[in-house]
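Trainee: My questions all concern the structure below.
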Amino acid sequence: MFNSYPASDTAATVGRAALSIHLAMTFPLIFNALRLSVHVLFFARPGSGEMSTARATAYTLAIVPPLVALGTAIPEISTVFAFNGSLFGSLIVYIYPALMYMRLSAQPGLLWGRILPSAVAAFGVFLMLTGATVTALQKAGALSH
């Protein structure tokens, strides 16, 4: 967004500096939560206590370089937003509710208990894949807006 303004524009320069400071201050907070979530989700055992410094360093070395490479490879934030919308929109609207309904439902019967929610979840997966494919084709220039 700020690249649309010339380097001599004072307000844009202040905005660039403010955004840089914001990212430098919030990235460690967000990354710490990500690192802890990865640890708890994949490697923590009940009652294992806190994460060791060596393990935290290993997570950092395993996660930060791919994130930096991905951020460098994607020059426009609109690309991230487009994929975010197509992927997580379908998950939140179609797939997760159908899976939760199947898990929590006390509805007897095959149609309402399994078939219909499975069809809704499958439709959500179809929409998610279609949205991601269309977004990739648009960003590659194969589809015009």
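The values are calculated or read from the model by the stated rules, or taken from the named source; none is laboratory data. Values in this document were obtained by computation on a predicted structure and should not be read as measured data. Cβ sites come from the backbone with ideal geometry, for glycine too, and all protein chains shown count toward neighbours. Protein only, heavy atoms only, side chains kept; ligands, DNA and RNA dropped before computing areas. Shrake-Rupley method; radii C 1.70, N 1.55, O 1.52, S 1.80 Å.
Trainee: How large is the dipole of the chain about the Cα centre if only Lys and Arg carry +1 and Asp and Glu carry -1, each at its Cβ, rounded to the nearest 20 debye? It would help to have the intermediate numbers written out before the result.
Mentor: Numbers: 7 positive and 3 negative charges, 81 e Å.
For this selection, approximately 380 debye.
Trainee: Moving to a separate point now. Quick check: the angle from helix 10-38's long axis to the longest principal axis of the chain, C-alpha only, nearest 10 degrees?
Mentor: The angle comes out at about 40 degrees.
Trainee: Turning to a different aspect of this structure: May I ask you to derive the relative contact order of the chain, considering only C-alpha pairs under 8 Å and at least 6 residues apart, and to give it as an integer percent?
Mentor: Value for the chain: 19 percent.
Trainee: Still on this structure, I have one more. Can you tell me the 0 to 90 degree angle between the C-alpha axis of helix 116-140 and the longest principal axis of the chain, rounded to 10?
Mentor: 30
Trainee: Probe radius 1.4 Å, ligands and nucleic acids ignored: give me the carbon and sulfur share of the accessible area of the chain as a rounded percent. Please report the intermediate quantities before stating the final value.
Mentor: Working: 7800 of 10840 Å².
Roughly 72 percent of what the probe reaches on the chain is carbon or sulfur.
Trainee: Right, next: Does anyone have the angle between helix 53-73 and the longest principal axis of the chain? Alpha-carbon axes, 0 to 90°, nearest 10?
Mentor: Its long axis makes an angle of about 80 degrees.
Trainee: Per-residue ellipticity at 222 nm for the chain, helices alone: DSSP H runs ≥ 4 residues times -39500 (n - 2.57), over residue total, nearest 500 deg cm²/dmol? Write out the running numbers ahead of the final one.
Mentor: Details: 5 runs with 98 residues, N = 145.
After summing the helix terms and dividing by the residues of the chain, the value is -23000 deg cm²/dmol.
Trainee: Which one of 24, 51, 80 is farthest out on the positive end of the charge dipole of the chain, using unit charges on Cβ (Lys, Arg +1; Asp, Glu -1) and the Cα centre as origin?
Mentor: 51
Trainee: Could you state the accessible area per residue of the chain in Å², with a 1.4 Å probe and every protein chain left in place?
Mentor: On the way: 10840 Å² over 145 residues.
Accessible area per residue, the chain: 75 Å².
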